1. Do we find a residue being touching a helix residue (DSSP H, G or I) at 6+ places or on another chain (Cβ under 8 Å), within 14 Å of VAL240 (Cβ to Cβ) and among the charged types (D, E, K, R) anywhere in the stretch 264-271?
2. Right, GLY269: within 15 Å of the ligand (Cβ to nearest atom), farther than 21 Å from PRO167 by Cα and surrounded by fewer than 24 Cβ atoms within 10 Å (Cβ to Cβ) or not?
3. With the condition kept exactly as written, say whether any residue in the stretch 422-437 is surrounded by fewer than 23 Cβ atoms within 10 Å (Cβ to Cβ) and within 16 Å of the ligand (Cβ to nearest atom).
4. Which helices (runs of 4 or more DSSP H) does the stretch 334-409 wholly contain that include 1 or more residues that are under 14 Å from ALA213 (Cβ atoms)?
5. I'm told LYS73 meets every condition in (1) in the same structural domain as SER133 (by TED's automatic domain parsing); (2) buried (at least 16 other Cβ atoms within 10 Å of the Cβ) except one. Can you identify the failing condition by its number?
6. Within the bounds of the stretch 220-238, is there any residue that is under 22 Å from GLY199 (Cα atoms), assigned to a helix (DSSP H, G or I) and modelled with pLDDT of 95 or more?
7. Among the residues of the stretch 137-149, count how many are more than 16 Å from the ligand (Cβ to nearest atom) and touching a residue at least 40 places away in the same chain (Cβ under 8 Å).
8. Looking only at the stretch 390-399, decide whether some residue is within 16 Å of LYS200 (Cα to Cα) and within 16 Å of the ligand (Cβ to nearest atom).
Amino acid sequence: MSARLDEKLDLIYRDILQRNPGEDEFHQAVHEVLETLGPVMSRYPDFVDKKIIQRICEPERQIIFRVPWQDDKGEVHINRAFRVEFNSALGPYKGGMRFHPSVYLGIIKFLGFEQIFKNALTNMPIGGGKGGSDFDPKGKSDAEVMRFCQSLMTELYRHLGEYTDVPAGDIGVGQREIGYLFGQYKRITNRYESGVFTGKGLDWGGSRARKEATGYGAVYFVDEMLKARKDKIDGKTMVVSGSGNVAIYAIEKATQLGAKVIACSDSGGIIVDEEGIDVALLKRIKEVERRRISAYVEERTKATYTEGGNIWSVPCQIALPCATQNELNGKDAKQLVENGLVAVAEGANMPTTPEGMRIFDEAGIAFGPGKAANAGGVATSALEMQQNASRDTWTFKHTEGRLHEIMIEIHKAAYETADEFGSPGNYVVGANTAGFLKVARAMDAMGLV
Ligand code: NDP
């Protein structure tokens, strides 16, 4: 782990390690928040006495269940699924579902924990939760994905509700999966409860700009960080890891704002296109044809594909990790800094290792942590819930405008809070502290529940 914790926080952390063995990503996420909370505890000793931190670190409810399903050949498979309902002080549990073979309780808990503070930062009435399964959608037919989703929802539905728990997408869960999950929820409950799921299709209760929101929001966050340093995105070279939902729309917005995005990736390799990534082509390959990123160079012959390459070795001024946790380590950070990096925004959740964060901090890089930089997705999910509650649909322009305002506000809150707590320019301190204080105050007001 990175920085040392103060004595009281260290005791709390040790207890968390002991009570949650083997959950490495959860430990990492908790440590990263506790590292920044020393000044808050000194200023609010009441929160220490009331054990607010210990309460925040313990999920309100954890659901683990079996998901049996049959493939197209009739073979039976058993997956494991999770829903961690972490904190409902600010609203119903809210957070995506992840389908990836690496999923286990420690990953869902780290994501759910982060989600509490991220959702608080959006200033929307949403609590924190997360779910998922070790199911791998790669290489499965639509019918197999549908049967899996229906089986999963046959158990999960009883824990959901627009005032209780509202899932959305994440890695491996896009509009196709949300359609199958929502369809089964509707069938079992006999209720057209639009607000129980976000990330829906535009024809059936979805919000315009939701698909774009996380990637666009991350770029708006970079824009704000650079403006605060009297700099701008226009003319900068950028590298974006991943080529999924977040990555595609980060590339699109960055290109609109005048940056040149020269590389992106998937788990198989990286593409470099010095002329700038062709977003329309990328969308066709990934969203329509559901192919691997290597297909890009078949049509853009000047671009290169490197199997298993390291995207962070490509020189750039702005780096946007948009794939997965711990994808950018200390060595990568060092190389990026040496190559002239000025800013990083985490489109993914916890993509930078503690060592990577330390190197960026020491080098004075503008660093936007995921809790702040990728909060545009969940904020727009809350806008989707608003539209569903009022049975309204907003225009793209209006929704994107709201997203932009929210990202400006999140940046402002993180920036000003960092300043107030003695770490000017440190968005990790600012985002953790601002998010924590909002949740802690609400929990305190509601008594010991
Ligand atoms: P997608 O499934 O759409 O895309 C994920 C991308 O990351 C793919 O290109 C995938 O490559 C790559 N990737 C995933 N796992 C790995 C891995 N272990 N190693 C290397 N590459 C990997 O997911 P999203 O774009 O929705 O999510 C990306 C990140 O953003 C996640 O951390 C998620 O939690 C976070 N996030 C997403 C939000 C959203 O609104 N969707 C909101 C906030 C955060 P491949 O196809 O080869 O697996």
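The values are calculated or read from the model by the stated rules, or taken from the named source; none is laboratory data. Remember, predicted model here, so these are calculated numbers, not experimental data. Ideal geometry is used to build each Cβ from the backbone, glycine not excepted, and the neighbour counts take in all protein chains shown.
1. Within the stretch 264-271, one or more residues are touching a helix residue (DSSP H, G or I) at 6+ places or on another chain (Cβ under 8 Å), within 14 Å of VAL240 (Cβ to Cβ) and among the charged types (D, E, K, R).
2. Here the answer is yes, as GLY269 does meet what is asked.
3. No - not one qualifying residue is present in the stretch 422-437.
4. It comes to 370-373, 376-389.
5. Answer for LYS73: the failing condition is (2).
6. Yes: one or more hits.
7. Looking only at that region, the number is 4.
8. yes
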